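The values are calculated or read from the model by the stated rules, or taken from the named source; none is laboratory data. No experiment lies behind these values; they were computed from the predicted model shown. So basically every Cβ, Gly included, is an ideal-geometry build from the backbone, and we count neighbours across all protein chains shown. Protein only, heavy atoms only, side chains kept; ligands, DNA and RNA dropped before computing areas. Shrake-Rupley method; radii C 1.70, N 1.55, O 1.52, S 1.80 Å.
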Amino acid sequence: RDLLSVVAELSSTQIASVTEEQCMRFTAIFDLYGDGVLRPEEFLDFSRFLCIMSYLHTPEGKEGVKDALRILADSKKIEDLLEELNNDHRDINKVIPYLPEWLRADVLSE
């Protein structure tokens, strides 16, 4: 219950938009000892989470998430390509388009 006002303040929302159930769920997530009390180190993680989530709901945060999701998708593609290369080195041509221009030129030169 004490968290209602803290959550509202840290997340820049009205206290009425935060329910007691949400606070209980937050407490359960960050309560490492399972006793319903957030100790200072647990509260620090809880506060960090709220700050990050608040930022991610801003226009700048939403734009940053798009970039992060694109980067994650690209990383997955790269991992898949590397796995293919590991299975069969003849798949090298699938990797070449993802190389930096200078390396692509070097690899393709005779």
Point to revise | Space enclosed by the convex hull of the alpha-carbon atoms of the chain, per residue, Å³ | key: 167
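In the neighborhood of N86, defined by Cβ-to-Cβ distances under 14 Å, what is the net charge if each Lys or Arg adds +1 and each Asp or Glu adds -1?
Details: positive: R90, K94; negative: E79, D80, E83, E84, D88, D91.
Computed value for this residue: -4.
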Point to revise | q = 0.15, 0.26 Å⁻¹: log10 I(q)/I(0) that the Debye formula gives for the stretch 27-78, counting C-alpha atoms only | key: -0.60, -0.86
Practice item. With a 1.4 Å probe and every protein chain kept in, tell me what percent of the accessible surface of the stretch 68-110 is carbon plus sulfur. Key: 58
Exercise for review: Quickly work out the F49-to-D88 label distance, labels modelled 7 Å from Cα along the C-beta direction, and quote it in nm with one decimal.
Suggested key: 4.5
Check your understanding: On a 0 to 90 degree scale, rounded to 10, what angle separates helix 59-87 from the longest Cα axis of the chain?
Key -> 40
Exercise for review: Report, to the nearest 10°, how far helix 20-30 tilts away from the longest principal axis of the Cα atoms in the chain, using its own Cα long axis and a range of 0 to 90°.
Suggested key: 50
**Study point:** Helix 40-56 axis, angle to the chain major axis (alpha carbon atoms, nearest 10°)
**Key:** 60
Revision key, fill the gap. From DSSP H assignment alone, runs of 4+ in the chain each adding -39500 (n - 2.57), the sum over residues rounded to the nearest 500 puts [θ] at 222 nm at -22000 deg cm²/dmol
